[in-house]
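Shown next, in structure tokens, is the structure this report addresses.
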Amino acid sequence: MFFPESMLRVEIIIPKEHLYKELEAIGKAGLLHIDKSKGRSFSYELQNRVNKLLGVVEGYLKFLGFQSEIKKYPHMEEEFGKNLSETEKRVSIIAPKIEELSNAFKKVEKEEKMIESAREFAQSLKNDIDVEKIARSLEFIGFKSIVLPSENIETFILALKRYDPFVVYNSLSSGTKAVALFYDISDENHVINALTKLEGNEIPKDYFLKEKIEEIKSRREKIESDLEKIKKLHGEELLGIYANLKLMLKIFSARGALQKSGENYLLYGWVPKKQANKFERALRYAQVIFSKPGEDTPVLLKTPKILKPFETLIKNFSYPRYQEINPTVPFAAAFLIMFGVMFGDIGHGLVLMLAGFFVSKKFPKYEDLGKIYILAGASSVIFGFMYGSVFGFHDIVPHILFNPVENVDMIIYSGIAIGVFFITLSFILNIISLARRKKLSALIMGEGGVLWLLIYWFAIGIAVKAVILEMPVKYELYILGVLLGFLFIVLFMKRKEFAQSLLDTIMQMFEHAVNTISFIRLGAFALAHGALFLALFSIADIVSKTQAGGITYWFIILLGNCFIIVLEGVVVTIQTLRLEYYEFFKRFFKGGGEPYEPFVLESEK
């Protein structure tokens, strides 16, 4: 939970004659994260052919109404080239039937859109003319049904004025007009010329007639009937071809990482230590050699399911390196505590929980965000009980700790105390991480090492003694100066730059002080939360007295609570993330790691 899964480096020696069988076995095992920094790409021509054919088959499946997701990959033949050639031959036999249907379907869809346009056109002018009747009966007078941009209607009429046309028009949609144009047939070319220049689109007369509508309907039914026959005849075969092509691409992705060694191929990667025996048993012909992993090892986090959504926020910052602390657990704990301190209210917390539940269920794309707000809402409820606040009211439930607005000093000191706790925790996590990675120099005297932790707490003690206890700290300051001087000397001996070493030592001390003071915002936002309620209740009292009604009072309270939830929910989230990333994270989390992504031939769906 607190550290990534232990991994092993793997070298796999695969005999040439069993290459594809073993690659398939590796994929079926689904445990090997392949090291793609080695090897070289193979068979560009084959890959291009597979990609091209895959796109064609995927399009056919979509047209036929099949889902092209892979539930289970088929068995791969040894001869890639032969397998692919046979697949291309089968697709070329099926293709003409589907292409013909596809073209016919596109044509029908286009004509159906034209019929819909004709229907809307006729509906727009129904109070002035019967377009269907005119389209059916006119023979010696020119008639056109035109859709024209609204801004061009006057210009169009003016351009044809000398030919004395009869024009009826009305609004069709936002920005367009339905125009019925009657004219002398001898002026046909002039009308067409004006239409072209002024971006007019003609709806042919046939599309207003019932016969045309029935004809297109009949053609669609015929196409749908033929489509069902094609689905029954070739659907399963195309799905099988699609799965086979996807398998080929998967195998190619692994093959590109191979190295040639005599009559064998070498493949490198990593597997979880707990799964090493299972992985070795999955291979029949290859030799597997395990070794100790290095810092470039991919990372498999073991985060409790309830805290998994917070991994999204970690990845937005960076991914942890192998043997670093899993930052998700401390990140989640810090996030929930700080959010609750700033947004402590039972009612608001319950609203956030409901909103988070709704988002996670209705919007799968934002499921993690919804779950984070469910937990954040629960934290707000807990701190709401601490503060005795329910939608801003402090007389419904008794407080466990105190009301922030009535205890300004206490809430400010509490914010700083929480800051000291999390900064100390970040030091401890960094020390543990450095110890695991055996970086002794950084562990003792590094930026987040033991010596800096002692200096930080010594400085905290000086601040408490001087500010709270109001006692002299002269000698303590001397000792602090000696400790900082020692760190400066160590840094100078390492860098051989006096000014830079001195500046870095001072900046480090200054940063620790500023980071601690930054946590005052926890108390400040808790106070702001309470102050907004005071303002809200005052406004509600004033307005309700002038309006002489209790309904007005409760309406303003409801509206104000909605405003506070949205405004402070966003602001508090931003401030919490800022404290996490810039005050808490930077001491123990370096990032730059790679997530563990095994080569898998079985779909997870």
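The values are calculated or read from the model by the stated rules, or taken from the named source; none is laboratory data. Note that the structure is predicted; figures quoted are calculated from it, not measured. Because the Cβ atoms are built from the backbone with ideal geometry, glycine has one as well, and the counts that use them run over all protein chains shown. For accessibility, only protein heavy atoms count, side chains too; no ligands or nucleic acids. Shrake-Rupley method; radii C 1.70, N 1.55, O 1.52, S 1.80 Å.
Just to be sure I understand: if I project the alpha-carbon convex hull of the range 454-537 onto a plane and average over all orientations, what area do I get in nm²? The partial results should precede the final answer.
On the way: hull surface 30.8 nm².
So the mean shadow area of the Cα hull is 7.7 nm².
How much FRET efficiency would the formula 1/(1 + (r/R0)^6) give for Arg436 and Glu228, where r is the Cβ-Cβ distance and R0 is 56 Å, rounded to 0.05?
On the way: r = 62 Å, r/R0 = 1.12.
E between Arg436 and Glu228, to the nearest 0.05, is 0.35.
Computing the accessible area with a 1.4 Å probe over protein heavy atoms, can you report the carbon and sulfur percentage for the range 414-565? Working shown, then result.
Values: 6680 of 8650 Å².
Carbon and sulfur together cover 77 percent of it.
Determine the alpha carbon to alpha carbon distance for each of Lys107/Lys205; Lys278/Lys362; Lys113/Lys222 and list only those over 28 Å. It would help to have the intermediate numbers written out before the result.
Working: Lys107/Lys205 18 Å; Lys278/Lys362 39 Å; Lys113/Lys222 18 Å.
Those over the limit are Lys278/Lys362.
Suppose every K and R has +1 on its Cβ and every D and E has -1 on its Cβ; what is the size of the dipole of the range 301-354 about the Cα centre, in Debye to the nearest 20? Could the numbers behind the result be given before it?
Details: 5 positive and 3 negative charges, 53 e Å.
For this selection, approximately 260 debye.
Separation of the range 417-494 and the range 368-410 by C-alpha centroid, Å?
Here the two parts' Cα centres lie 34 Å apart.
What nm distance separates the two modelled labels at Phe555 and Val464, each placed 7 Å from Cα along Cα→Cβ?
5.4
Given a cut-off of under 8 Å on Cα pairs at least six residues apart, what relative contact order in percent is computed for the range 254-358? All intermediate terms of the calculation are to be shown ahead of the outcome.
Details: 45 pairs, mean separation 17.9, N = 105.
About 17 percent, as a whole number.
Apply the Karplus parameterisation 6.51 cos²θ - 1.76 cosθ + 1.60, with θ equal to phi minus 60°, to every residue of the range 300-305 and state each ³J(HN,Hα) to the nearest whole Hz, in sequence, with x for glycine and proline.
For the range 300-305, the Karplus-derived couplings read 10, 7, 10, 8, x, 4 Hz, x marking Gly and Pro.
Cα gyration tensor of the range 232-362, axes a ≥ b ≥ c as square roots of the eigenvalues: rounded (a/c below 1.5), prolate (a/b > b/c) or oblate? Intermediate values should be presented prior to the final figure.
Working: a/c = 3.51, a/b = 1.61, b/c = 2.19.
Because a/c hits 1.5 or more and a/b fails to exceed b/c, the range 232-362 counts as oblate.
Classify the range 413-498 as rounded, prolate or oblate, taking a ≥ b ≥ c as the square roots of the eigenvalues of its Cα gyration tensor: rounded when a/c is under 1.5, otherwise prolate if a/b is larger than b/c and oblate if not. Don't skip to the end; give the middle numbers.
On the way: a/c = 3.17, a/b = 1.30, b/c = 2.44.
It is oblate, given that a/c is not under 1.5 and a/b is not larger than b/c.
Can you list residues whose amide H is under 5 Å from Tyr319's amide H, if they're 5+ apart or on another chain and H is modeled 1.01 Å from N?
Gly592, Gly593
What nm value, rounded to one decimal, do you get for the distance between Glu139 and Phe393 when each label is placed 7 Å out toward the C-beta?
In this crude spin-label approximation the distance works out to 8.4 nm.
How much length is gained on full extension from Gln259 to Met445, taking 0.36 nm per residue of separation minus their Cα-Cα distance?
Values: separation 186, 0.36 × 186 = 66.96 nm, distance 4.29 nm.
Full extension of this stretch gives 62.7 nm more.
Quick one, which of (1) 113, 93, 50; (2) 65, 57, 45; (3) 78, 61, 43 is the actual Cα extents along the principal axes in Å calculated for this model?
Only one listed value fits the structure, namely (1).
About the Cα centre, and with charges only on the beta carbon of Lys, Arg (+1) and Asp, Glu (-1), how big is the dipole of the range 101-217? Nearest 20 debye, please. Kindly include the intermediate steps, with their values, before the conclusion.
On the way: 17 positive and 21 negative charges, 36 e Å.
So the magnitude is around 180 debye.
As a test of the formula, what do you get for the chain when each DSSP H run with n ≥ 4 contributes -39,500 (n - 2.57) and the sum is divided by the residue count, at 222 nm and rounded to the nearest 500 deg cm²/dmol?
Values: 19 runs with 364 residues, N = 605.
Per the formula, -20500 deg cm²/dmol.
Between Lys126 and Ser174, 0.36 nm times their residue separation minus their Cα-Cα distance comes to what?
Numbers: separation 48, 0.36 × 48 = 17.28 nm, distance 1.84 nm.
Here the answer is 15.4 nm.
Determine the relative contact order of the range 357-483: mean sequence separation of Cα pairs under 8 Å and six or more apart, normalised by residue count, in whole percent. Mind dumping the intermediate values first?
Numbers: 86 pairs, mean separation 11.8, N = 127.
With pairs under 8 Å counted, the relative contact order is 9 percent.
On average over all directions, what projected area in square nanometres does the range 492-596 have, based on the convex hull of its Cα atoms? Kindly include the intermediate steps, with their values, before the conclusion.
On the way: hull surface 45.8 nm².
Result: a mean projected hull area of 11.5 nm².
In the full protein assembly as shown, how much of Lys260 is accessible to a 1.4 Å probe, in Å² to the nearest 10?
100
Determine the dipole magnitude for the range 377-477: charges of +1 sit on the beta-carbon of Lys and Arg, -1 on that of Asp and Glu, nothing else is charged, the reference point is the Cα centre, and the result goes in debye to the nearest 20.
Working: 6 positive and 6 negative charges, 159 e Å.
With only Lys, Arg, Asp and Glu charged at Cβ, the dipole is about 760 debye.
Output the 0 to 90 degree angle, nearest 10, between the alpha-carbon long axis of helix 367-387 and the longest principal axis computed from the alpha carbons of the chain.
Here the helix axis deviates by roughly 40 degrees.
So, by mean Cβ neighbours within 10 angstrom, what's the order for 47-54, 227-234 with the highest one leading?
Numbers: 47-54: 16.2, 227-234: 14.4.
Sorting 47-54, 227-234 by mean packing, highest first, produces 47-54, 227-234.
Accessible area of Lys16, 1.4 Å probe, to the nearest 10 Å²?
110
Using θ = phi - 60° and the Karplus form 6.51 cos²θ - 1.76 cosθ + 1.60, what ³J(HN,Hα) does each residue of the range 84-95 get, whole Hz, x for Gly and Pro?
Ordered by residue, 3J(HN,Hα) equals 5, 4, 5, 5, 4, 5, 5, 5, 5, 6, 6, 3 Hz.
Using the beta-carbon distance between Glu151 and Leu354 and R0 = 35 Å, what value does 1/(1 + (r/R0)^6) give for FRET efficiency, to the nearest 0.05? Don't jump to the answer; show the numbers that get you there.
On the way: r = 48 Å, r/R0 = 1.38.
For R0 = 35 Å, the calculated efficiency reads 0.15.
Whole number in Å², please: accessible area per residue of the range 494-561, 1.4 Å probe, ligands, DNA and RNA not counted.
Numbers: 4020 Å² over 68 residues.
Per residue, the range 494-561 has 59 Å² of solvent-accessible surface.
Taking the chain as the reference, fit the longest principal axis to its C-alpha atoms, fit the long axis of helix 450-463 to the helix C-alpha atoms, and give the angle between the two in degrees, 0 to 90, nearest 10.
Tilt relative to the chain: about 70 degrees.
Along Cα→Cβ, 7 Å out, is where each label goes; now give me the distance between the ones at Ala531 and Glu511 in nm to one decimal.
3.1
Choose one of Ile396, Tyr60, Asn277: the residue whose Cα lies farthest towards the positive end of the charge dipole of the chain (beta-carbon charges +1 Lys, Arg; -1 Asp, Glu; about the Cα centre).
With unit charges placed on the Cβ atoms, the residue in question is Asn277.
Relative contact order for the chain: what is it in percent, counting Cα pairs under 8 Å that are at least 6 residues apart? Spell out each step's value before the answer.
Numbers: 822 pairs, mean separation 136.4, N = 605.
Over the chain, the number comes to 23 percent.
Leaving out same-chain residues fewer than 8 places away, which lysines sit with a Cα under 17 Å from that of Lys273?
Cα-Cα hits under 17 Å: Lys292, Lys302.
For the charge dipole of the range 393-526, defined by +1 on Lys and Arg C-beta atoms and -1 on Asp and Glu C-beta atoms about the Cα centroid, which residue among Leu487, Tyr413, Asn515 has the Cα displaced farthest towards the positive pole?
Toward the positive end, the furthest listed residue is Leu487.
Considering only protein heavy atoms and a probe of 1.4 Å, how much of the accessible area of the range 151-201 is carbon and sulfur, as a whole percent?
Details: 1560 of 3210 Å².
That share works out to 49 percent.
Taking θ as phi - 60°, what are the ³J(HN,Hα) couplings along the range 46-51 by the Karplus curve (6.51, -1.76, 1.60), each to the nearest whole Hz, with x for Gly and Pro?
Result, rounded to whole Hz: 4, 4, 5, 5, 5, 4.
With every protein chain left in place, what is the accessible area per residue of the range 328-447 in square angstrom, probe 1.4 Å?
Working: 5680 Å² over 120 residues.
Result: 47 Å² per residue.
If you take the charge dipole of the range 560-600 about its Cα centre, with +1 on Lys and Arg Cβ and -1 on Asp and Glu Cβ, which of Phe599, Val571, Asn561 is farthest toward its positive end?
Val571
Using a 1.4 Å probe and ignoring any ligands, DNA or RNA, find the accessible area of His18 and quote it in Å² to the nearest 10.
The accessible area comes out at roughly 40 Å².
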